Amino acid sequence: MEEPWDLEFLARVVDSVVSFLSEFVDDWLASDMRVAVFKILFSWLILSLVAIHFAWKVYGNTVNDMYYRQGTGGQNGGTPDTAPHLSGWDSSAGDVLKTHHE
């Protein structure tokens, strides 16, 4: 059977969160250099996330189609094992392939 939540612990957690938020708001309203740097970095983070979101909305299907190409080939389709102009694993010197003996 589960024990009920300890109200004293819950009250201390809520008090800590409220204390942190009140200090954060006081610092946010202050004209301090570290607050200005934080505001700039926070704004840059939000702007970057919004830009990534909109870029994914515009180009997401294209990127997804490039990853999951249709056709014959590899695991995701369309990826050949070797390029047509390359010889792959063939050796140009005609070396004997090594085999594993048990």
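Some observations on this one:
- Unique match (being among the aromatic types (F, W, Y), open to solvent by 90 Å² or more (accessible area, probe 1.4 Å) and modelled with pLDDT of 85 or more) among F38, F20, F24: F20
- So A93, is it among the small types (G, A, S), out of contact with any helix residue (DSSP H, G or I) (no Cβ under 7 Å at 6 or more places or on another chain) and at pLDDT 85 or above: no
- Per-region count, region 18-71, residues small (G, A, S) and in contact with a Gly (Cβ under 6 Å, 6 or more places away or on another chain): 1
The values are calculated or read from the model by the stated rules, or taken from the named source; none is laboratory data. Predicted, not measured: the structure shown is a model, and the values here were computed from it. Heads up, the Cβs are rebuilt from the backbone with ideal geometry, glycines too, and the neighbour counts pull from every protein chain shown. Ligands, DNA and RNA are stripped out before the accessible areas are found, and what is left, the full protein with its side chains, is counted by its heavy atoms. Shrake-Rupley method; radii C 1.70, N 1.55, O 1.52, S 1.80 Å.
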